């Protein structure tokens, strides 16, 4: 699964289980997740179930809002790794009938790295982000110029919606057998592949 690990990166997303809800910001939620620096003394992130709400929502280990929200199981993997450029922010999710779920964390990724290989990739790079994405390749020269510990998790500088996790981090998460999460190699990814089986 993990070939050429030095430059092997994955997009993280929820799997295709329709009982796993999407999340939306709840009233009073601070707007932290696209800030480009560490947040000092963060407030609790507030989320609610997004539409359409499943009949029987399954509170999985990975949820999206669209940023990554993870359970204690995944947070317990990430915290000891002390990954440069990310911060786990405590989160609260309001479910059906105002039931509260508190053992969740929002992953604040404030490390952005421009590293798309524009010549090999099949996409349009605009100032507002990526468009017409059919294939993305990463520039190994840019990545190789930076120590691995400084690029374990980052957002693409060309489009911050793309959160990339190095294979070593993915392996550590998969080892605890979390539910609701799927990883797709960025170089195998294409529009529509989020819910491919």
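The values are calculated or read from the model by the stated rules, or taken from the named source; none is laboratory data. Because the structure is a prediction, the values reported are computed rather than measured. In this analysis, Cβ positions are derived from the backbone assuming ideal geometry, glycine residues included, and neighbour counts consider all displayed protein chains.
Within segment 79-86, is even one residue within 13 Å of the chain's Cα centre (by Cα), surrounded by 20 or more Cβ atoms within 10 Å (Cβ to Cβ) and within 23 Å of residue 151 (Cα to Cα)? The answer is yes; a qualifying residue exists. For residue 170, the stated conditions hold: it is under 19 Å from residue 84 (Cα atoms), touching a strand residue (DSSP E or B) at 6+ places or on another chain (Cβ under 6 Å) and surrounded by 14 or more Cβ atoms within 10 Å (Cβ to Cβ). Among the residues of segment 6-37, just one is more than 16 Å from the chain's Cα centre (by Cα), surrounded by 12 or more Cβ atoms within 10 Å (Cβ to Cβ) and under 30 Å from residue 145 (Cβ atoms), namely 7.
I'm trying to understand the selection: among the residues of segment 31-54, which are in a loop (DSSP other than H, G, I, E, B), at pLDDT 90 or above and closer than 13 Å to residue 89 by Cβ? Scanning segment 31-54 gives 38, 39, 40, 41, 42, 43, 44. Residues of segment 79-89 that are touching a residue at least 24 places away in the same chain (Cβ under 8 Å) and part of a strand (DSSP E or B): 86, 87, 89. Restricted to segment 55-78, and to residues there that are in a loop (DSSP other than H, G, I, E, B) and in contact with a helix residue (DSSP H, G or I) (Cβ under 7 Å, 6 or more places away or on another chain), the residue that is surrounded by the most Cβ atoms within 10 Å (Cβ to Cβ) is 61.
Being at pLDDT 95 or above, assigned to a strand (DSSP E or B) and surrounded by 12 or more Cβ atoms within 10 Å (Cβ to Cβ): is that true of residue 93 here? Don't jump to the end; show me each part of the working.
Numbers: at pLDDT 95 or above: yes; assigned to a strand (DSSP E or B): yes; surrounded by 12 or more Cβ atoms within 10 Å (Cβ to Cβ): yes.
So residue 93 passes the test.
Kindly provide the set of residues from segment 112-135 that are in contact (Cβ under 8 Å) with a residue 24 or more places away in the chain, touching a strand residue (DSSP E or B) at 6+ places or on another chain (Cβ under 6 Å) and either in a strand (DSSP E or B) or closer than 19 Å to residue 13 by Cβ (or both), ordered by number.
First, the residues of segment 112-135 that are in contact (Cβ under 8 Å) with a residue 24 or more places away in the chain: 112-116, 125, 129-130, 133-135.
Now restrict to residues that are touching a strand residue (DSSP E or B) at 6+ places or on another chain (Cβ under 6 Å): 112-113, 115, 129-130, 133-135.
The answer is 112, 113, 129, 130, 133, 134, 135.
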